[in-house]
Amino acid sequence: MSLGKEFTKGIFSENPLFRLTLGLCPSLAITTSVNNGIGMGVAFTGVLLASNIAISAMRKIIPDSIRIPSYIVIIATFVSMVEMLMHAYTPELFTSLGVFIPLIVVNCIILGRAEAFANKNGILPSIMDALGMGIGYTLALVVISAFREVLGAGTFMGYAVFSGSAPSALIMILPPGGFITLGCILAFLNKMQNVKVAKKAKLNQSIAQQQLSSN
Amino acid sequence: MQEMMIIIIGAILINNIVLSQFLGCCPFLGVSKKLSSAIGMGVAVTFVLTIASLITWLVQKFILVNLGIEYLQTIAFILVIASLVQFVEMVIRKKSPDLYKALGVYLPLITTNCAVLGVAIINIQKSYTFMQTLANSLGNALGFTLALILFAGIRERLEEADIPKSLQGMPIALITAALMSIAFLGFTGLL
């Protein structure tokens, strides 16, 4: 499998949030503004990259029977490091993300990638895998938070979008808005998928008919 | 006593852990297809979450603060929770095979349930006392169970409904959760 494919699969075909619906909690909780979404995405990508490299490098040393606890300790170490770095350099983001930074430890995507990919592959593919998954997750967070911030607060990354005083739908930045936004995006993606499948089936049918008539 | 009741009711209805704090969404959406499994998961979470919060509170107070190593909080807590879940699983298997049969499947899932670690950390952040920690974690756990059981009841009915193809499964579940969350917003003025 080529490195490029490892990279792009995390963004499109196996997007952790939109395709596999993993890592839901932060994607619903912190996506009230685009800045938070980007901050969470970057922190997440950093932890995933570091843990994938470490686990892939140590995959032959870690005994099989205690691999899950070992992965959790490795991941928790990197999460603590990211937490301290954010506390020191981006205190505003640190307070607005709050409890969800330490909770990166129990994000199922990171443990899932460790178990499904990093412990079977070399360092270079694991780096590509982590970058793809991380960027895919970050993009998904940005999409959700863009909808919520524009509709709920009338701003995008803090800048006003609508001129004048357009009424904003406060519900979008309240908790229900998170569920509604993600539900609608998933429904839209399903619809796209269904249309694509139907088109393909129709195409196959017409090819089959042509073959039949030519015979 | 009154203060503890306020914390418990606030945690169950006003700041519901799933519907307004978004902790524990994965089991909330994953284990809510059948009412019976929702009840099993709810009981297992209530049990583990309450014990884990109390133990992590003690660990923070008597080990981490005493030694001045609060920065190890995340690692220490996740290790405590993971080994506690293993321990609880072993004890239940030995002492009560019936209970183990009912809860066994859900126990390993709880380690990666962010509600457990989340509540443990929030208790420390809010600098609760031991009794307040007990009240808060019990309230949160009951709130989780309540939301999960209500949601599973709705989803069992949804199975028979005629839902557009693209909305089936996860999307309709999320929109249902949104409506429940709006309903829970109504409790805001309660206290």
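Rule-based calculations on the coordinates, nothing more; no lab input. None of these values were measured; they are calculated from a predicted model. Ideal geometry is used to build each Cβ from the backbone, glycine not excepted, and the neighbour counts take in all protein chains shown.
The mean sequence distance of close C-alpha pairs (under 8 Å, at least 6 residues apart), as a share of the length of the range A:3-200, puts its relative contact order at 35 percent.
Each 10 Å bin from 0 upward holds the following percent of the Cα-Cα pairs of the range A:3-200: 9, 32, 33, 19, 6, 1, 0.
Comparing A:A116, A:A130, A:A140 in a Gaussian network model of chain A where C-alpha atoms under 10 Å apart are linked, the largest mean-square fluctuation is found at A:A116. Here the protein assembly as shown is treated as a sphere whose radius is the Kirkwood value from Cα pairs; by Stokes-Einstein at 10 °C and 1.306 mPa s it diffuses with a coefficient of 70 µm²/s.
When shorter helices are ignored and each DSSP H run of at least 4 residues is given -39500 (n - 2.57), the per-residue value for chain A at 222 nm works out to -23000 deg cm²/dmol. Straightening the chain between B:I63 and B:E3 buys 18.8 nm, computed as 0.36 nm per residue apart minus the Cα-Cα spacing. For A:F156, the residues 5 or more places off, or on other chains, whose built amide H falls under 5 Å of its own are A:V161. Considering only B:A115, B:A141, B:A82, the mean-square fluctuation computed in a Gaussian network model of chain B, springs between alpha carbons under 10 angstrom, is largest for B:A82. Placing a label point 7 Å from the Cα of A:A116 along the Cα-to-Cβ direction, the residues of the range B:143-184 with a backbone N closer than 20 Å are B:169-171. Of the chymotrypsin sites (Phe, Trp or Tyr not before Pro) found in the range A:12-93, the ones in coil according to DSSP and having at most 14 other Cβ atoms within 10 Å of their Cβ are A:F12. Over 18 Å between C-alpha atoms is what I'm after, so list which of B:K61/B:K126; B:K34/B:K95; B:K33/B:K95 land there. From B:K61/B:K126; B:K34/B:K95; B:K33/B:K95, over 18 Å: B:K34/B:K95; B:K33/B:K95. Our note on the geometry: Cα centres of the range A:134-183 and the range B:1-40, 25 Å apart.
Here the calculated FRET efficiency for A:A201 and B:S36, from their Cβ-Cβ distance with R0 = 35 Å, stands at 0.40, rounded to the nearest 0.05.
Name the residue from A:N35, A:A50, A:M157 whose Cα lies farthest towards the positive end of the charge dipole of the range A:3-200, charges +1 on Cβ of Lys and Arg and -1 on Cβ of Asp and Glu. Projecting each Cα onto the dipole axis, the largest value belongs to A:A50.
Note on chain B: helix-only mean residue ellipticity at 222 nm, from DSSP H runs of 4+ residues weighted -39500 (n - 2.57) and normalised by residue number, equals -22000 deg cm²/dmol. Its relative contact order, with pairs defined as Cα atoms under 8 Å and 6+ residues apart, puts the range A:111-215 at 16 percent. For the range A:3-200, the number of Lys pairs with C-alpha atoms closer than 29 Å, counting only pairs eight or more positions apart or on separate chains, is 15.
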